[in-house]
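Trainee: Just dropping this structure here.
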Amino acid sequence: MELVPFSTSLRSGQRVYVREVCPADRGLLTIGFAKLSERSKHFRFLAAHSRLTEAELDQFTSTNDVDHVAIGALAENGQERDPAGIARYVRLNRTSSAAEFAITIVDRYQGQGLGLLLFGVLAKFAVISGLDEFIAAVHRDNAAMLGLFDELDGRRVFLGGADVEVRVPIHDDPTLYPDTPSGGAVRAAYRIAEIG
């Protein structure tokens, strides 16, 4: 499986270039992480997190396969491409049809539809790999992400403390996503993403 890289516009008009993450992207991940606010870092890692470790960089940029896929977006600003967001999933185990997933969007590009775009591209990969559910741990104060998952028929399970587990169904037929703004955005991502 391989994503054909593509460019598209976010709601703000910002152009982004979307492609698979690869081992050579360690530097881009480090730059993107440095542009996250402390709040965004906390929401992503559910704890204070001052830097990405070498092990995390290895894990986040490992080569994609049926059990792990990472998609990144670069903001196109003139001749420059700045890290804007990343989404990835890891299958729970070899026989599972569910995967843990996470989305991280640089603060400057939040609220423009990038998270849903990356979710949709990632979901299209996932169904090709035989997955039917994404599972995420979300901070209870991350209202934007919880609202997005609610619109995609996500089910919440309170884990205690500040963490909520959300289980989001993924569909091979994009018409099965709810008739909500989030569902519409995922359907649009399915149309745009070409995976060969």
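Trainee: Here is a list of conditions, (1) in contact with a strand residue (DSSP E or B) (Cβ under 6 Å, 6 or more places away or on another chain); (2) under 24 Å from residue 188 (Cα atoms); (3) loosely packed, with under 14 Cβ neighbours inside 10 Å, and residue 31 meets all of them except one; can you say which number that is?
Mentor: Among (1) in contact with a strand residue (DSSP E or B) (Cβ under 6 Å, 6 or more places away or on another chain); (2) under 24 Å from residue 188 (Cα atoms); (3) loosely packed, with under 14 Cβ neighbours inside 10 Å, residue 31 violates only (2).
Trainee: Turning to a different aspect of this structure: Go through segment 161-190 and count every residue that is of a type outside the set (Val, Ile, Thr) and either within 16 Å of residue 144 (Cα to Cα) or not in a loop (DSSP other than H, G, I, E, B) (or both).
Mentor: 16
Trainee: If you go through segment 75-89 one residue at a time, do you hit one that is in contact with a Lys or Arg (Cβ under 7 Å, 6 or more places away or on another chain), assigned to a helix (DSSP H, G or I), over 23 Å from residue 168 (Cα atoms) and not basic (Lys, Arg)?
Mentor: No: segment 75-89 contains no residue that is in contact with a Lys or Arg (Cβ under 7 Å, 6 or more places away or on another chain), assigned to a helix (DSSP H, G or I), over 23 Å from residue 168 (Cα atoms) and not basic (Lys, Arg).
Trainee: Now for a separate question. May I ask you to say which residue of 176, 159 is surrounded by fewer than 20 Cβ atoms within 10 Å (Cβ to Cβ) and more than 19 Å from residue 47 (Cβ to Cβ)?
Mentor: The conditions single out 176.
Trainee: Could we say that residue 114 is touching a Gly at 6+ places or on another chain (Cβ under 6 Å) and hydrophobic (A, V, I, L, M, F, W, C) here?
Mentor: It is true that residue 114 is touching a Gly at 6+ places or on another chain (Cβ under 6 Å) and hydrophobic (A, V, I, L, M, F, W, C).
Trainee: Next up: Would you call residue 127 out of contact with any Ser or Thr (no Cβ under 9 Å at 6 or more places or on another chain) and either without any contact (Cβ under 8 Å) to a residue 24 or more places away in the chain or not in a helix (DSSP H, G or I) (or both)?
Mentor: no
Since every read-out is calculated from the coordinates, none of them should be taken as a lab result. Keep in mind the model is a prediction, meaning the values are calculated, not measured. Glycine gets a Cβ as well: all are built from the backbone with ideal geometry, and neighbour counts include every protein chain shown.
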